[in-house]
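Remarks on the structure that follows.
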Amino acid sequence: DSVYRGYPIGAVLLWRRAAVAQIVHFFDLRVDADARQDALWIVDGQQRLATIAAELLAAERRAAPRAIFFDLGVKTFVERSSDTSQRLLVPLRIALDATALSEWVIEQGLSKHERSVAFELGKRVREYEVPAYIVHTPNDAVVREVFKRVNSTGKALAESEVFDALVGSSLRDGGIAA
């Protein structure tokens with residue numbers, strides 16, 4: 001939902017370092033990974049990347065460990081359940097593939113408005129950029145320090161502090177909040 005709405009989902013922290021050849025399993029996908037000196041290891045953001053990858057891989061497999069759909073009527077994401085049978089739901093795995101989405105739209109016989117919403121969904125999720133920072137060091141102590149700083153500094157703001165940060169300064173300067 002955050003990707004669809006253009007909200008930030010946080011940066012991904014990657015560590016560039018050597019990797020030995022190995023077989024990697026991701027859901028039911030098997031990857032025979034070659035040894036390389038410049039592999040990217042996920043340090044922070046694994047859950048976000050796993051969720052995105054699960055849907056991307058589902059587009060190839062035509063199945064998903066957790067089926068996510070977009071309700072064209074209310075413009076929100078849902079999981080398929082019995083109470084959604086009367087709603088027009090676009091499988092996210094289809095929205096990620098422009099050709100599959102076009103074919104799906106034709107098969108569904110959507111109205112002009114529904115087609116517009118469906119194509120806008122596809123555009124937004126395909127074009128979303130996830131910021132990534134890559135740490136270039138052979139020293140895992142440096143990576144640990146970066147991870148620690150990213151995940152343990154600062155303190156959570158109260159709702160009133162968030163509001164004040166957004167509109168408080170304009171009120172103090174004599175502005176009128178809308």
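The values are calculated or read from the model by the stated rules, or taken from the named source; none is laboratory data. Everything numeric here is computed off the predicted structure, so don't read it as measured data. Cβ: placed from backbone, ideal geometry, glycine included. Neighbour counts: every protein chain shown. Accessible surface areas use protein heavy atoms only, side chains included; no ligands, DNA or RNA. Shrake-Rupley method; radii C 1.70, N 1.55, O 1.52, S 1.80 Å.
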Number of positions in the range 106-127 that are of a type in the set (D, E, K, R) and farther than 19 Å from T76 by Cβ: 3
Of residues in the range 91-143 being hydroxyl-bearing (S, T, Y) and touching a helix residue (DSSP H, G or I) at 6+ places or on another chain (Cβ under 9 Å), the one most open to solvent (accessible area, probe 1.4 Å): Y133
Qualifying residue in the range 122-137 (condition: over 23 Å from A54 (Cβ atoms), among the acidic types (D, E) and without any contact (Cβ under 8 Å) to a residue 24 or more places away in the chain): no
Condition check for R48: surrounded by 12 or more Cβ atoms within 10 Å (Cβ to Cβ), outside any loop (DSSP other than H, G, I, E, B) and over 20 Å from the mean Cα position of the chain (by Cα): no
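Each row is one residue, and each column tells you yes or no for (1) over 30 Å from V74 (Cβ atoms); (2) over 10 Å from the mean Cα position of the chain (by Cα); (3) surrounded by 12 or more Cβ atoms within 10 Å (Cβ to Cβ).
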residue: V24; (1), (2), (3): yes, yes, no
residue: L29; (1), (2), (3): yes, yes, yes
residue: Q37; (1), (2), (3): yes, yes, no
residue: E55; (1), (2), (3): no, no, yes
